[in-house]
Amino acid sequence: MSDPVLSVQNLTTAFRSREGWREVIRGINFEVKAGETVAIVGESGSGKSVTALSAMRLLPRDKTRSTGRILLEGRDLLTLPEAEMRKVRGGRIGMIFQEPMTSLNPVLTIGNQLAEALVLHRDMSWREAEAEALTLMERVRIPSAKSRLHEYPHKFSGGMRQRVMIAMALACRPRLLIADEPTTALDVTIQAEILSLISELQRESEMGVLFITHDMGVVAEVADRTVVMFRGDMVETGETSRLFAAPGQPYTRALLASIPRLGTMNGAAGPRRFPQVDPRTGTASEGREMPLPPAGTAPVVSVSNLSIRFDLPQGRVHAVEDVSFDLHPGETLALVGESGCGKSTTGRAIMRLTTPSAGEIRIDGRDIARARSSELRTMRRSAQMIFQDPFASLNPRISVGDAILEPILTHGLLPKAAARLRVAELLDQVGLSPEMAGRYPHEFSGGQRQRVSIARAMALEPKFIVADEAVSALDVSVKAQVSNLLMDLQASRGLAFLFISHDMSVVERISHRVAVMHFGEIVEIGPRAAIFGNAQHPYTRRLIAAVPVPDPALRGTRSAAPPQEPRSPLRPLDYVAPKRLYREVAPGHFVMAETSA
Amino acid sequence: MTDTTNFLAAPRLLLRNRAALLGAVILAIVVLAALLAPLIAPYAPNKLSIVNKLQPPSASHLFGTDEFGRDILSRAIFAGRVSLLVSLGVVALSTVLGVILGVAAGYFRALDAPISRLLDAMMSFPDILLAIALVAALGPSVATVIIALGITYAPRLARIVRGSTLVLREMPYIEAAITLGLPTWRVLTRHLLLNLASPVLVQATFVFASAMLAEASLSFLGVGVSTDMPTWGTMLASGREYMNSAPWLMIFPGLAIVFSVLSLQLLGDGLRDLVDPRLTKER
């Protein structure tokens with residue numbers, strides 16, 4: 001094959017700290033050839049983004065120092081003057097980032113923003129640039145590109161905006177495309193579309209792609225070769241298929257073993273703990289199967305005909321429409337769906353962080369949908385919530401011990417001395433040392449903070465917990481550990497979970513039953529095995545099929561549907577939602593009957 | 001359940017933060033001088049001596065004398081009493097009012113519109129005009145000046161507090177506090193207020209400086225603190241006539257204002273870091 005487009009040789013980058021220079025990545029070596037995709041994969045803090053930013057020389061110069069060589073088509077970027085480097089960025093190297101929602105200027109039209117790059121970098125006139133912008137939008141398969149050229153970014157969904165960003169990156173026909181977590185903020189079905197778009201474009205233009213991600217499923221899907229990084233070191237590198245089939249290093253084995261995979265639950269009736277991975281050897285022991293909830297119990301939560309609507313100046317959003325389900329003691333019901341489907345709003349309504357527009361929410365038989373604040377306070381002893389963002393769900397100014405102590409004292413559950421002992425006990429239960437009680441949230445890692453949140457939720461000895469994307473923001477290995485903790489707590493205290501998640505592979509492991517939400521409605525609900533093994537509704541099937549499979553051998557077995565702009569959730573004020581009928585496929589497995597609408 | 005560790009670490013942290021330390025030292029000197037005025041002032045502040053009028057700084061009158069021959073150093077020391085009292089009083093009052101109104105508007109949706117419109121109405125008056133109207137209604141004295149200026153500056157703080165509260169209210173840790181069944185007052189006092197500390201401190205130092213100057217304007221217009229009590233503002237205002245011939249009439253009270261405002265700003269920055277546990281630990 002030809003010379004590499006990008007060749008990184010012995011790259012070491014150090015950040016300046018008060019103690020002096022601290023190396024963040026050490027001795028990185030890899031190449032990207034034309035038409036090839038190389039993935040850098042690793043958990044947070046592994047240095048994968050620093051590697052890409054070093055290559056683009058986008059790190060602040062007074063605080064960082066890079067040594068080694070970064071050859072782009074033979075030229076060493078580290079020695080290039082800044083003026084030359086500016087031409088390389090956006091010219092020879094294109095870049096796309098994680099956050100498509102904030103990377104476009106909201107007051108300029110899409111066409112204008114695309115054309116601007118062309119006028120600046122390729123010396124085109126505005127008229128030529130506009131024509132070229134249209135070609136680019138068609139290349140990234142934006143439907144009815146011609147009419148959308150003059151629209152503003154707010155009319156574009158996240159997936160479409162990421163297409164625009166890709167079009168911008170491609171504007172100057174780069175030899176190398178650096179994609180830093182380009183699909184992490186997108187829904188799985190959109191992710192699948194964007195990934196196939198990137199590989200199509202790559203085939204068309206023979207450019208090299210450097211793909212940075214934490215998701216081994218995405219790696220398996222797109223990468224020819226893979227670089228595994230861990231705490232600033234390159235652990236292993238090689239052909240993706242070889243790496244997945246026969247990982248050489250313990251860390252790679254551990255990483256691969258801890259990925260939640262779809263379809264590993266065949267035959268199991270209850271949820272199953274994630275395998276425990278020994279980080280030194282990388283060997284995994286299959287997780288124990290967890291018990292089924294006791295039969296014949298009264299539900300702890302019973303939601304019937306719940307509707308939540310938000311009025312906006314432009315119309316009304318039917319965020320949740322006629323949703324009903326029961327949750328029994330010791331059971332995990334997963335509420336799955338893509339962003340905006342109403343799953344979080346449903347969870348928040350059960351906690352009464354949002355007031356329902358219609359319907360009933362019975363907790364222990366009492367309707368709390370319209371309860372007053374004094375009644376709510378009693379309700380909140382049985383119902384607790386764990387939030388997604390471990391960095392925002394703890395008050396930065398209160399020590400974790402005090403955060404757990406506070407609910408115990410305000411509800412008068414225990415006298416102060418006994419309450420302190422209880423805090424120690426709770427910390428111990430979630431796998432933290434009781435001595436950590438005096439520390440502040442910023443001194444903990446993301447996984448540890450999530451454990452603190454769990455301990456805080458457990459402090460009131462609730463009957464059920466709403467876990468809103470509770471493990472979604474965590475690294476794979478930590479995700480498995482925290483999920484296991486939740487399952488253990490359920491087994492030991494008979495807790496019920498409403499597990500809200502978009503991550504189908506975690507849901508498959510952790511839940512007893514699954515409810516699939518789409519546009520505010522439950523389209524299918526049933527036992528986990530039935531949903532994953534015998535999905536009836538087309539949306540459920542699409543959702544499951546879109547999950548990236550961490551197995552390079554299965555690549556390309558899926559066909560991508562043509563991209564569509566999702567339906568607007570806005571309805572006119574007088575809109576009345578049609579009454580839905582459900583068909584019972586098997587005992588407990590209900591599917592929304594398809595209507596003509 | 002208090003953050004005792006924070007406050008135990010405070011003196012050490014203050015020592016490390018040189019700017020804040022400097023601010024604390026200057027403020028301490030100014031406050032001490034004001035408190036001990038009768039002991040340290042070389043002359044009585046209102047002692048007239050027409051023969052010595054408009055003397056430039058000298059050994060007997062370090063800061064010179066004014067148009068009635070009064071010792072400017074002594075007057076500046078005594079003036080600190082009223083000026084500091086008024087400014088600190090205004091800061092305290094406007095902060096309390098501003099935080100109450102701002103939190104109420106930001107946290108309780110139903111109160112937002114009425115409170116915000118009230119604040120808009122108050123801010124639509126020029127500051128000084130509103131203060132004059134209030135003093136005129138209440139009659140001039142130290143207390144009424146504090147009340148008038150405190151009310152005048154409260155909307156500035158309320159606006160900022162409301163904005164921060166709107167953001168904080170949506171933070172998961174505030175929602176977590178609600179779902180833990182904590183009473184609303186506790187959510188507000190323990191979880192919200194602590195996190196409002198930095199914007200409030202910054203704005204409060206700003207109000208301190210504004211109040212000192214506004215008090216001078218009120219005195220100049222004859223609706224300030226009673227005329228026989230010197231304040232830095234009134235000294236500045238009356239020295240204006242002699243700006244060209246005897247600049248020391250303005251320079252020294254002016255410097256007193258500059259140093260006390262500067263010291264409070266430096267200290268405010270340090271305090272803001274102090275109430276943030278993320279910055280309290282070593283390194």
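Here A:Leu426 clears all of (1) touching a His at 6+ places or on another chain (Cβ under 9 Å); (2) crowded, with 22+ Cβ neighbours inside 10 Å; (3) within 14 Å of chain B (Cβ to nearest Cβ) except the condition numbered (1). Among the conditions (1) surrounded by 19 or more Cβ atoms within 10 Å (Cβ to Cβ); (2) closer than 22 Å to A:Ala515 by Cα, the only one that A:Arg380 does not satisfy is (2). Among the residues of the stretch A:241-270, the one identified as surrounded by fewer than 22 Cβ atoms within 10 Å (Cβ to Cβ), in contact with a helix residue (DSSP H, G or I) (Cβ under 6 Å, 6 or more places away or on another chain) and among the hydroxyl-bearing types (Ser, Thr, Tyr) is A:Ser241. Residue count for the stretch A:190-223, restricted to those that are crowded, with 22+ Cβ neighbours inside 10 Å, outside any helix (DSSP H, G or I) and either touching a Gly at 6+ places or on another chain (Cβ under 8 Å) or not small (Gly, Ala, Ser) (or both): 7. One residue alone among B:Ile160, B:Ile174 is of a type outside the set (Asp, Glu) and within 13 Å of chain A (Cβ to nearest Cβ), and that residue is B:Ile174.
Among the residues examined, A:Leu421 does not qualify as within 11 Å of chain B (Cβ to nearest Cβ), without any contact (Cβ under 8 Å) to a residue 60 or more places away in the chain and within 25 Å of A:Asp488 (Cβ to Cβ).
Criterion applied to B:Leu182, B:Leu188 was being within 14 Å of chain A (Cβ to nearest Cβ) and modelled with pLDDT of 90 or more, and the one residue passing it is B:Leu188.
Against the condition in a helix (DSSP H, G or I), modelled with pLDDT under 90 and exposed (fewer than 14 other Cβ atoms within 10 Å of the Cβ), how does B:Ala113 come out, does it pass?
Working: in a helix (DSSP H, G or I): yes; modelled with pLDDT under 90: no; exposed (fewer than 14 other Cβ atoms within 10 Å of the Cβ): yes.
Judged against the criteria, B:Ala113 is not a match.
Is it the case that the stretch A:451-474 has a residue that's more than 13 Å from chain B (Cβ to nearest Cβ), of a type in the set (Gly, Ala, Ser) and within 20 Å of A:Ala383 (Cα to Cα)? No, because not a single residue in the stretch A:451-474 is more than 13 Å from chain B (Cβ to nearest Cβ), of a type in the set (Gly, Ala, Ser) and within 20 Å of A:Ala383 (Cα to Cα).
Taking residues in the stretch B:46-65 that are within 21 Å of B:Asp228 (Cα to Cα), and partners anywhere that are modelled with pLDDT under 80 and loosely packed, with under 11 Cβ neighbours inside 10 Å, the pairs with Cβ atoms closer than 7 Å and at least 6 places apart or on different chains are B:Asn46/B:Asp228.
Total residues in the stretch A:448-474 satisfying the condition of being under 16 Å from the mean Cα position of the chain (by Cα) and either surrounded by fewer than 21 Cβ atoms within 10 Å (Cβ to Cβ) or among the aliphatic types (A, V, I, L, M) (or both): the figure is 7. Within the stretch A:224-238, one or more residues are free of Cβ contacts under 8 Å to residues at least 24 places away in the same chain, of a type in the set (D, E, K, R) and either in contact with a helix residue (DSSP H, G or I) (Cβ under 8 Å, 6 or more places away or on another chain) or assigned to a helix (DSSP H, G or I) (or both). Could you list all residues from the stretch A:357-382 that are acidic (Asp, Glu) and farther than 27 Å from A:Leu409 by Cα? Scanning the stretch A:357-382 gives a single hit, A:Glu360.
Pick from B:Ala137, B:Ala154: which is touching a residue at least 40 places away in the same chain (Cβ under 8 Å), more than 14 Å from chain A (Cβ to nearest Cβ) and hydrophobic (A, V, I, L, M, F, W, C)?
B:Ala154
Residue count for the stretch A:384-405, restricted to those that are touching a strand residue (DSSP E or B) at 6+ places or on another chain (Cβ under 6 Å), more than 7 Å from chain B (Cβ to nearest Cβ) and surrounded by 22 or more Cβ atoms within 10 Å (Cβ to Cβ): 1. Residues in the stretch B:96-134 that are acidic (Asp, Glu) and under 25 Å from B:Ser219 (Cα atoms): B:Asp127 alone. With A:Ser324, A:Ser339, A:Ser307 as the choices, which residue is away from chain B (no Cβ under 14 Å), of a type in the set (Ser, Thr, Tyr) and assigned to a loop (DSSP other than H, G, I, E, B)? Going through A:Ser324, A:Ser339, A:Ser307 in turn, the sole match is A:Ser339.
Scanning the stretch A:151-169 for residues that are touching a residue at least 12 places away in the same chain (Cβ under 8 Å) and either charged (D, E, K, R) or in contact with a Gly (Cβ under 6 Å, 6 or more places away or on another chain) (or both) turns up A:Glu151, A:Arg161, A:Arg163, A:Ala169. Within the stretch B:229-282, how many residues turn out to be of a type in the set (A, V, I, L, M), under 20 Å from B:Leu22 (Cα atoms) and in a helix (DSSP H, G or I)? Count: 12. Which ones in the stretch B:74-112 are touching a helix residue (DSSP H, G or I) at 6+ places or on another chain (Cβ under 7 Å) and of a type in the set (D, E, K, R)? Listed by number, the residues that qualify are B:Arg75, B:Arg81, B:Asp112.
Residues in the stretch B:238-253: is at least one within 14 Å of chain A (Cβ to nearest Cβ) and free of Cβ contacts under 8 Å to residues at least 12 places away in the same chain?
no
Among the conditions (1) touching a helix residue (DSSP H, G or I) at 6+ places or on another chain (Cβ under 7 Å); (2) acidic (Asp, Glu); (3) crowded, with 19+ Cβ neighbours inside 10 Å, the only one that A:Asp187 does not satisfy is (1).
Among the candidates A:Ser373, A:Ser357, A:Ser344, the residue that is within 14 Å of chain B (Cβ to nearest Cβ), small (Gly, Ala, Ser) and more than 23 Å from the chain's Cα centre (by Cα) is uniquely A:Ser373.
Name the residue that is farthest from A:Pro462 (Cα to Cα), counting only residues in the stretch A:310-321 that are in a strand (DSSP E or B) and more than 27 Å from the chain's Cα centre (by Cα).
Let us first name the residues in the stretch A:310-321 that are in a strand (DSSP E or B), namely A:310-312, A:315-321.
Subsequent filtering for residues that are more than 27 Å from the chain's Cα centre (by Cα) retains A:311-312, A:315-316.
Numbers: A:Asp311: 33, A:Leu312: 35, A:Gly315: 38, A:Arg316: 35 Å.
Applying the filter and picking the extreme gives A:Gly315.
Return a yes/no flag: does the stretch A:25-48 have any residue that is of a type in the set (Ser, Thr, Tyr), under 21 Å from A:Ile166 (Cα atoms) and in the same structural domain as A:Ile178 (by TED's automatic domain parsing). So far as the stretch A:25-48 goes, yes, one or more of its residues are of a type in the set (Ser, Thr, Tyr), under 21 Å from A:Ile166 (Cα atoms) and in the same structural domain as A:Ile178 (by TED's automatic domain parsing).
Could you say whether any residue in the stretch A:254-262 is on the phi < 0 side of the Ramachandran plot, polar (S, T, N, Q) and over 21 Å from the mean Cα position of the chain (by Cα)? No, the stretch A:254-262 contains no residue that is on the phi < 0 side of the Ramachandran plot, polar (S, T, N, Q) and over 21 Å from the mean Cα position of the chain (by Cα).
The values are calculated or read from the model by the stated rules, or taken from the named source; none is laboratory data. Keep in mind it's a predicted model, so treat the numbers as computed, not measured. For neighbour counting, all protein chains shown are included, and Cβ atoms are generated from backbone atoms with ideal geometry for every residue, glycine included.
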